[in-house]
Amino acid sequence: TMLPLLLLLLPAAHGTAQLRYKPALTKEPRLEGLRTASTFVLDQPRCVFKDYGNADIWLVVALDQDASTFNNTAGPGTPETAFQSFPDPVRAYMTLNATLVNYPCPKPDGDITVLRVGSETSCAQDVTRPTCNGPLPGPGPYRVKFLALEGSVPVAETAWSEPIMLKTAKSPSSISATGSGHSAGMIAITTILSILFAILLAGLVAMLVFWSSESCGGSSSFSKPESVTVRRYNTHHVYDQPAARL
Amino acid sequence: MAKSDDCVHILQGLLVFGNVVIGMCGIALTAECIYFVSNPHDLSPLLKTTEDSDINAAAWISIFVGLALFALSILGIIGVIKASRTLLLVYIILMLITFAFEMASCITAATHQDSLTPDLFLKQMLERYQKSEPANNSDNQLTKAWDELMLQNHCCGVLGPSDWQDYTSAFRLTHSDADYPWPRACCVLDAQGLPVNLDGCKLGVPGYYNSNGCYDAISGPVNTHAWGVAWFGFAILCWTFCVLLGTMFYWSGIDY
């Protein structure tokens, strides 16, 4: 009977428990600042480390290609895991120390329970704070996992997250501020007005030609309001001269 | 003969009516452009670098065109009633000159309005907002104008807070991305001018930051003015065209 018990205890003493939780970027609520150029936002690992009330839960942040080479026995707060030396020569750092008290289970409805990785700017250059949660130095990609340590012994860990890529900002000189061309309205105004103006000019020219040709003679159709009245001349009466007929 | 007289009277009546409308529209155009010129909205620092002088020039030309239209419409009415060829010829020539000026003003206003794209404001904002060594006073004014704009309209950036994330900027040079993903003016502020929830604002939690862009607030008043000058002028010119054609036809039929 002792042998199976010993066999049961042996794996627990030698290996860390692999929890089936994968850290992920927050999905609810939709955050505008989910990923910025130097920070990203993770969900808190609620109801994940239920059995490890005595452990310190650390967040391990590593470059994507170095995630598999991370050694769980590397202690937090040492030069091998100091944030200030990340990413060169340190390939993964440990930060955001917490205990189960900080992650009560279950999560109350309506509370926003997130971890903002990269929010501490004051200690980013301070080597006396190797566990600083400083802004990430590049766009990544990064992978994270949670590690529970009792003393300096790792007891549980989550899976590594999917690679997290941060935003890269473009230069504003790449924006072309020259006009995108002319709108339909402006083209319509220009063409229509040009045509109207051309017609009017043509009309003016026709008028002047008509006038100059008319002043050399021609007829008109309208009459002026004060029309010239033909006066009837009453000449001398031409009397019948019966005598002339004779 | 009586029928022809009736036609003449009808044509005269129409021309007088047309000229009355032109006169009234001229006054309206003058009044509208005086209002626009004397009431520069607070966005002028934003528009100063753009060819704002164009829209002002268009408005000034329209003021004088409006007055000219009013004066010429009176001349036209007198000329039509008196059926004087010289008066009407002078009227037509002066009207054509006025037509040309108003045409230039309309096209300028329409072209200027086209040039106010979001990209223009975006580039300007990114390069000059909160510039650390302001080259001249206009940079300070631009920063103040943007701050006021974002506060009053509860908006952020030109297209949204993502403007500050997608592009580097003069603001980014002095304010770290972790502390200031976007300017504090983009946060929902309380009565003292402090963010209601700074962490909420930095995270981008809905309700603690302004998620809209300010482009609508900028382009709204500018568009109204531009359309007012451009399209109203266009409508007046179309009407003037008809009246002038009628006057030319009337002129060619006058006895001399």
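Picking from B:Y167, B:S105, B:F121, whose Cα lies most toward the positive end of the charge dipole for chain B (charges on Cβ: Lys, Arg +1; Asp, Glu -1)?
Of the options given, the answer is B:S105.
Could you give the size of the charge dipole of the protein assembly as shown about its Cα centre, using +1 on the Cβ of each K and R and -1 on the Cβ of each D and E, expressed in debye and rounded to the nearest 20?
1020 debye
Mind pulling the angle between the C-alpha long axis of helix B:2-38 and the longest principal axis of chain B? Nearest 10 degrees, somewhere in 0 to 90.
Once rounded, the angle reads 20 degrees.
I need B:Y35, B:Y250, A:Y142 ordered by Cβ neighbour count within 10 Å, fewest first.
B:Y35, B:Y250, A:Y142
Quick check: the angle from helix B:85-115's long axis to the longest principal axis of chain B, C-alpha only, nearest 10 degrees?
With rounding to tens, the tilt is 20 degrees.
Can you list the aspartates and glutamates whose alpha carbon is less than 17 Å from that of A:K170, not counting same-chain residues fewer than 8 positions off?
Answer for A:K170, where 17 Å is the Cα cut-off: B:D119, B:E127, B:D163, B:D166, B:D177, listed by chain and number.
Using unit Cβ charges (K, R positive; D, E negative) and no other charged atoms, how large, in debye to the nearest 20, is the dipole of segment A:121-178 about its Cα centre?
280 debye
Do any of A:K107/B:K202; B:K123/B:K144; A:K22/A:K50 go past 20 Å between their Cα atoms, and which?
Correct reply: A:K107/B:K202.
Name the long-range amide H neighbours of B:T168: under 5 Å, sequence gap of 5 or more, or other chain; modelled H, no Pro or chain starts.
A:K170, A:S171
When only DSSP loop residues count, what chymotrypsin sites (Phe, Trp or Tyr not before Pro) in segment B:130-168 have their Cβ near at most 13 other Cβ atoms within 10 Å?
When the chymotrypsin sites (Phe, Trp or Tyr not before Pro) of segment B:130-168 are filtered for loop state and at most 13 Cβ neighbours within 10 Å, nothing remains.
What's the average, rounded to a whole number, of partner chain beta-carbon atoms within 10 Å of each residue's beta-carbon in B:164-173?
The per-residue average across the peptide is 4.
Per DSSP H run of n ≥ 4, the term is -39500 (n - 2.57); total these for chain B, divide by its residue number, and report the mean residue ellipticity at 222 nm rounded to 500 deg cm²/dmol.
Calculated from helices alone, the mean residue ellipticity at 222 nm is -24500 deg cm²/dmol.
Round to the nearest 10 and give me the degree value, 0 to 90, for the angle of helix B:215-252's Cα axis relative to the longest principal axis of chain B.
On a 0 to 90 degree scale, this one is about 10.
For a footprinting-style exposure proxy, rank B:C155, B:C33, B:C238 by other Cβ within 10 Å, fewest first.
By the 10 Å Cβ count, ascending, the order reads B:C238, B:C155, B:C33.
Please order A:I57, B:I97 by the number of other Cβ within 10 Å, starting at the fewest.
B:I97, A:I57
Could you list which residues have their amide H under 5 Å from that of A:V114, counting only those 5 or more apart in sequence or on another chain, with H placed in the peptide plane?
Amide H to amide H, under 5 Å and 5 or more residues apart or across chains, A:V114 pairs with A:Q44.
Please report, in debye to the nearest 20, how large the charge dipole of segment A:15-167 is about its Cα centre when each Lys and Arg carries +1 at its beta carbon and each Asp and Glu carries -1 there.
Approximately 320 debye in magnitude.
Treat each spin label as a single point 7 Å out from the Cα along the C-beta direction, and report the A:K22 to A:D111 distance in nm.
The answer from the label model is 2.6 nm.
Put +1 on the Cβ of every Lys and Arg and -1 on every Asp and Glu Cβ in the protein assembly as shown; which of A:Y93, A:M186, A:W58 then has its Cα farthest towards the positive end of the dipole?
In the protein assembly as shown, that residue is A:M186.
Which residue, B:N210, B:N137, B:N56, tops the fluctuation ranking in a GNM of chain B built on C-alpha contacts under 10 Å?
B:N137
Using Cα springs under 10 Å in a Gaussian network model of chain B, which residue among B:I27, B:I218, B:I81 shows the largest mean-square fluctuation?
The residue that fluctuates most here is B:I81.
By DSSP, what percent of the beta bridges with both residues in the protein assembly as shown are antiparallel, rounded to the nearest 5?
Antiparallel: roughly 90 percent of the beta bridges in the protein assembly as shown.
Just so you know, all these numbers are worked out from the coordinates, no wet-lab data involved. Just so you know, these numbers come straight off a predicted model, no measurement behind them. Here the Cβ is made from the backbone with ideal geometry for all residues, glycine too, and neighbour counts use every protein chain on show.
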